[in-house]
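See structure below.
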Amino acid sequence: MAGGGDELKLLGAFASPFVIRVKLALSFKGLSFEDVEEDLGNKSELLLASNPAQKKVPVLIHNGKPVCDSQVIVQYIDEVFSGTGPSLLPADPSERVAARFWAAYIDDKLLASWLQAARGKTDEEKTEGMKQTLLAVETMEAAFKTCSKGKPFFGGDSVGYLDVTLGALVAWVHAGAALYGMRLFDDAKSPLLAAWVERFGALDAVKAVLPDVNRLVEFAKMKQAQAAAAATAQ
Amino acid sequence: MDHQQEEKVQLFGMWASPYVYKVKWALSIKGMEYEYVEEDLGNKSGQLLEHNPVHKKVPVLVYNGRPVAESDVIVQFIDDVWKGQGGRILPEDPHERAMARFWARFVPDKLSPPIWKWFTTAGGEEQEAAREAAVEHLRVLEAELNLGRNEFFGGDSVGLVDLSLGALAYVIPMYEEIIGARLITEEMFPSLYAWMGRFLAAPPVKDHLPPMEELKLRFRAIREYFLKNA
């Protein structure tokens, strides 16, 4: 439970992997928060004032002070609420290095190319995105092996920073399978990660915050229709 | 210090890389000695490829035989490992720390790409668009990053945000000279402009800067290459 007097408000959007990531961190830490759904087509004054540099979600407002950028928010939660729930980042500086390195890789390489594959403006961009995504998945599979050392999670016996960081994608892995008939982490090419997805998704703290897959699928279809309409309108 | 005698620190780098300098400045803040290994990026050493198989890039810090890659990861590692030593790189307060980390990401994610595009594009609409995008992000920095009465974004000494912006203090004037147009003027960005001069003169930075004439030649060649191959 958030310490007496701690007010946590999360400005988010249900489909955003970055927002899901923060919700996962809050859930694992056992912290209660006010969940504010933003209409990204009509951003609130609070969002614009809290994140003037990027005007994006997620933004965590803790006792009136905003924190922006999902990885920055997760680290902040871990540091400020260090006595509450599990520690997400390891204490040892050398172990922290691995967590930070792979977290950067997940966003800069894996997520970036996956988003390009989904949202690229040309077929070329999308194909290149897919190619880079598959390479990134291969690298992450090896990373999981190294980080987990045979244990169930990136963090070892229990969930850690990388599980929460990659956990951002779990609901979309299932939605992607429904939409494209293709799993981001499949049993053939990335068996360790495929098993991790199931294991992670079965945790109570995760089930409590993951969005409904059908809702994500409907959302993605709507976005695709919007993009198609915009393209033909030109 | 006993602590130092037991430690072996190596830095794999390249003389023109701003990310390498970020790490050099961080090591300087901590007063740490290290062995520097210059890499030929056209012919990478077996050691570099072994230490950074995922990205195959510099900088890589090797601490007692264990490699650390990615400049932001390295800088935070340096601050963690030598916590009680030298200056603070990340602030003490968790919220300030979060702000520092946020702005540290802003530079490579938002600011650097349009600046690079502006530098590597021939004069015209596309270059002007890149310049405007860069100016927009610089305006955000100027407005949101309050120096107040501080000399640096880290307070009275160089911190994470200063290190992240750092190379721009010498790179932007060079780009301006080569292109023949200004990006950061004192009138438009009084706070940033003043900070640039102070940063280059700051103790951890002033004796750890790249060879400027060589760098300028290199940048000129880079711009020519991009214009030719557009």
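The values are calculated or read from the model by the stated rules, or taken from the named source; none is laboratory data. These figures come from a predicted structure and were not determined experimentally. All Cβ positions, even for glycine, are placed from backbone atoms using ideal geometry, and neighbour counts span all protein chains on display. What goes into the accessible areas is simple: the full protein's heavy atoms, side chains included, and nothing from ligands, DNA or RNA. Shrake-Rupley method; radii C 1.70, N 1.55, O 1.52, S 1.80 Å.
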Problem set entry | Segment residue A:188-residue A:149, length gained on full extension (0.36 nm per residue, minus Cα span) | 12.0 nm
Exercise. For the pair A and B, how large is the buried accessible area, both sides, in square angstrom to the nearest 100, if the probe is 1.4 Å?
Worked result: 2300 Å²
Exercise. Where Rh is the Kirkwood radius over the Cα pairs of the range B:102-230, the temperature 37 °C and the viscosity 0.692 mPa s, what D in µm²/s does Stokes-Einstein return?
Worked result: 214 µm²/s
Seminar exercise, completed: SASA check, residue A:232, accessible area w/ 1.4 Å probe, all protein chains in place, rounded to nearest 10 Å², comes out at 120 Å²
Problem set entry | Alpha-carbon centroid distance for the pair the range A:97-129 / the range B:1-79, whole angstrom | 26 Å
Exercise. Based on the alpha-carbon gyration tensor of chain B, what equivalent-ellipsoid semi-axes (square roots of 5 times the eigenvalues) come out, in whole Å, largest first?
Worked result: 29, 24, 15
Problem set entry | Exposure of residue A:94 as accessible area (Å², to 10), given a probe of 1.4 Å and all protein chains | 30 Å²
For this session: Could you pull the accessible area for residue B:208 with a 1.4 Å probe, rounded to 10 Å²?
Result: 60 Å²
For this session: Tell me the trypsin sites (Lys or Arg not before Pro) within the range A:38-100 that lie in a loop according to DSSP and have at most 14 other beta-carbon atoms within 10 Å.
Result: A:55
Exercise. Could you state the per residue volume, in Å³, of the convex hull enclosing the Cα atoms of the protein assembly as shown?
Worked result: 173 Å³
Exercise. Loop-only check: which trypsin sites (Lys or Arg not before Pro) in the range A:140-234 are DSSP coil with at most 12 other Cβ within 10 angstrom?
Worked result: A:149
Seminar exercise, completed: Taking a crude spin-label model, label points 7 Å out from Cα along the C-beta direction, the residue B:128 to residue B:80 distance in nm is 4.8 nm
Problem set entry | Burial of 40 Å² or greater, the range A:71-92 residues [accessible area, probe 1.4 Å, versus chain by itself] | A:72, A:76, A:79
Problem set entry | Residue-by-residue Karplus 3J(HN,Hα) for the range B:147-152, coefficients 6.51, -1.76, 1.60, Hz, glycine and proline x | 6, x, 9, 7, 7, 10
Seminar exercise, completed: Placing each pseudo-label 7 Å from Cα in the direction of the beta carbon, residue B:15 and residue A:215 end up separated by a distance in nanometres of 5.8 nm
Exercise. For the range A:172-211 and the range A:1-42, what is the separation of their C-alpha centers, rounded to whole Å?
Worked result: 21 Å
Seminar exercise, completed: Counting only residues 5 or more apart in sequence or on a different chain, those whose built amide H sits under 5 Å from that of residue B:60 are B:12
For this session: Can you send over the carbon and sulfur percentage of the accessible area for the range A:10-141, probe radius 1.4 Å, protein chains only?
Result: 51 percent
Exercise. Residues of the protein assembly as shown: accessible area per residue at 1.4 Å, in Å²?
Worked result: 48 Å²
